[in-house]
Amino acid sequence: MDCCELVPMLLILLILQIKALETINYSEQLHANKSVDLKNGARTTLKVAPYPYIPDSVGDQYKSLLQYIKIEFENAYPNISLELRPMNANDNFYNRSTLTEWLTSDGNGYDVVEVDTILLGDLVNAGLIAPLVDTSINRSDWHLAASSAVQLNEALYGVPHIMCGLFLFTRDSTVASLTTIDQLTHALNNASTMDYRLVGNLDSSWDLPALWIDSYQKTFSSRYALASALHDYHRVSFVTMRKLAELCNGIRGDNPCLNGRFRDDYDGPALLFANKTAKAMFGYSERLFLVRKNGFPDDYQNINVVPLPSGYHVNQQTFFTDAYVFRPNMSIDVSKAALLFAKFMATPKMQAAVVATGDGPCHNRTPRYLLPVSQKAYDEPLLKQDRFYQQYFRTLTGVPYPTVGFFNTRQALQAAIWKYVKSSICHNARCPSVTGSKIKDQRSTAKDKKHQQEKSHRSRGKG
């Protein structure tokens with residue numbers, strides 16, 4: 001039942017419920033969490049920095065989302081005062097100096113920080129985060145890729161929160177059924193004429209290496225594929241990246257995926273696809289939010305979202321995971337509160353609320369189209385009624401992106417791919433050089449221009 005249908009009933013029962021809530025014994029709440037009880041009802045302050053590069057789907061700079069999380073959590077655990085850092089796309093959650101300051105300062109830092117797990121190994125090696133002492137946390141509901149993404153050297157270093165990945169968006173069901181880059185090339189080369197066959201951002205030291213790693217593991221399905229893609233790339237050909245880039249050549253001879261057009265206009269591919277100027281688009285799952293907000297009424301039934309067929313073998317998904325990590329040397333009470341918060345945010349209800357805009361108005365609500373870590377979240381009403389979550393996302397399997405080495409390798413990897421692609425096709429597409437262009441990495445800078453754009457269109461900070 002949707003929240004709008006519950007409003008009259010809630011108003012009628014409100015007074016009766018107040019009395020009932022007042023009688024709840026707090027010790028009973030903690031009975032189910034015996035290992036994380038707090039002292040004598042004394043209020044513990046917990047400071048959390050949420051990951052900010054997600055769609056601002058309500059258009060209020062995430063205020064409703066933060067308020068929703070705070071109210072729900074403090075209602076469940078009234079002896080914890082939750083302080084949430086305002087979510088700002090200009091914050092640099094990929095800057096090690098910033099994370100070092102946040103995770104090592106008692107006064108001005110944070111007890112819990114939500115990070116992209118591609119940084120996990122670097123944070124562990126720097127001694128900035130502590131493994132979970134209480135390993136009794138129930139992981140049976142976690143997506144397997146997310147569970148793997150927070151483990152290092154057989155230790156658990158975080159609690160996963162949300163996921164995403166690179167997908168192919170198309171209105172053509174035949175294209176949606178393809179599994180290899182050659183099949184995709186053949187289909188789009190023979191597609192009906194549009195301005196563009198395929199659009200997406202390749203001018204990025206985050207997206208381009210991520211696309212390559214995804215393509216490599218779809219070609220070589222071994223347990224070492226991801227590591228080889230990241231560290232042995234100089235021994236292999238980037239032909240799959242060339243084929244993907246060639247599909248972006250427009251009918252006017254331009255290639256917006258390569259020529260810098262989408263470097264600052266990160267919403268450009270989604271808007272071209274939403275307006276049916278492009279046959280297909282590649283991008284993160286949350287790009288669907290922008291497409292639906294700006295697309296046609298029939299898009300809800302017509303759009304297909306599938307793993308990007310960028311390799312030669314198995315078209316399984318590669319996942320990014322954002323997870324809560326904990327600073328070392330917290331007091332016992334704060335440490336317990338931190339674990340309670342992370343576990344609370346992993347519950348099906350909270351997972352569904354975050355990914356599907358449960359904090360927004362009941363009517364005309366558009367999901368953020370992030371992917372929940374909780375598999376039971378797909379049975380929550382907010383996700384149960386959405387065809388994209390049920391038809392495309394629910395059954396996805398795959399592997400996580402590497403949690404060690406990506407940060408330090410990405411720029412060299414981008415340069416190597418760029419050199420190969422440029423020598424093949426860029427003489428016709430007017431591609432800028434990697435060293436000559438000031439690439440604004442959306443994951444590392446979150447794009448200053450985002451605040452000049454419509455707030456509801458802000459995306460995950462990858463660039």
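The values are calculated or read from the model by the stated rules, or taken from the named source; none is laboratory data. Worth saying up front: this structure is predicted, and the values here are computed from it rather than measured. Note that we place each Cβ from the backbone using ideal geometry, even for glycine, and neighbour counts take in every protein chain shown.
With respect to D134, determine if the residue is in contact with a Ser or Thr (Cβ under 8 Å, 6 or more places away or on another chain) and not assigned by TED's automatic domain parsing to the domain that holds P50. Against the criterion (in contact with a Ser or Thr (Cβ under 8 Å, 6 or more places away or on another chain) and not assigned by TED's automatic domain parsing to the domain that holds P50), D134 does not qualify.
The number of residues in the stretch 73-92 that are at pLDDT 95 or above and either crowded, with 19+ Cβ neighbours inside 10 Å or touching a strand residue (DSSP E or B) at 6+ places or on another chain (Cβ under 7 Å) (or both) comes to 11. Does K440 qualify as being assigned by TED's automatic domain parsing to the domain that holds L247, at pLDDT below 95, within 19 Å of F289 (Cβ to Cβ) and surrounded by 17 or more Cβ atoms within 10 Å (Cβ to Cβ)? Considered against the rule, which asks whether it is assigned by TED's automatic domain parsing to the domain that holds L247, at pLDDT below 95, within 19 Å of F289 (Cβ to Cβ) and surrounded by 17 or more Cβ atoms within 10 Å (Cβ to Cβ), K440 comes out as no.
So is T23 outside the structural domain of N329 (by TED's automatic domain parsing), modelled with pLDDT under 95 and surrounded by fewer than 16 Cβ atoms within 10 Å (Cβ to Cβ) or not? The answer is yes for T23.
Looking at the stretch 182-201, is at least one residue in contact with a Ser or Thr (Cβ under 6 Å, 6 or more places away or on another chain), of a type outside the set (F, W, Y) and surrounded by 17 or more Cβ atoms within 10 Å (Cβ to Cβ)?
Among the residues of the stretch 182-201, not one is in contact with a Ser or Thr (Cβ under 6 Å, 6 or more places away or on another chain), of a type outside the set (F, W, Y) and surrounded by 17 or more Cβ atoms within 10 Å (Cβ to Cβ), which makes the answer no.
When each of A187, A155, A227 is tested for being in the same structural domain as P328 (by TED's automatic domain parsing) and farther than 30 Å from T357 by Cβ, the lone residue that passes is A155. Any residue at all in the stretch 308-325 that's surrounded by fewer than 18 Cβ atoms within 10 Å (Cβ to Cβ), more than 25 Å from D116 (Cβ to Cβ) and touching a Phe, Trp or Tyr at 6+ places or on another chain (Cβ under 8 Å)? Yes, the stretch 308-325 contains at least one residue that is surrounded by fewer than 18 Cβ atoms within 10 Å (Cβ to Cβ), more than 25 Å from D116 (Cβ to Cβ) and touching a Phe, Trp or Tyr at 6+ places or on another chain (Cβ under 8 Å). Residue-level check: of (1) in contact with a Leu (Cβ under 6 Å, 6 or more places away or on another chain); (2) free of Cβ contacts under 8 Å to residues at least 40 places away in the same chain; (3) not β-branched (V, I, T), L103 misses just (2). Selection over the stretch 298-315 of residues that are under 18 Å from S173 (Cα atoms), assigned to a loop (DSSP other than H, G, I, E, B) and not small (G, A, S) gives a count of 5.
Scanning the stretch 386-408 for residues that are at pLDDT below 95 and surrounded by fewer than 17 Cβ atoms within 10 Å (Cβ to Cβ) yields G405, N408. Within the stretch 276-294, is even one residue of a type outside the set (K, R), in a loop (DSSP other than H, G, I, E, B) and under 25 Å from A412 (Cβ atoms)? Among the residues of the stretch 276-294, not one is of a type outside the set (K, R), in a loop (DSSP other than H, G, I, E, B) and under 25 Å from A412 (Cβ atoms), which makes the answer no.
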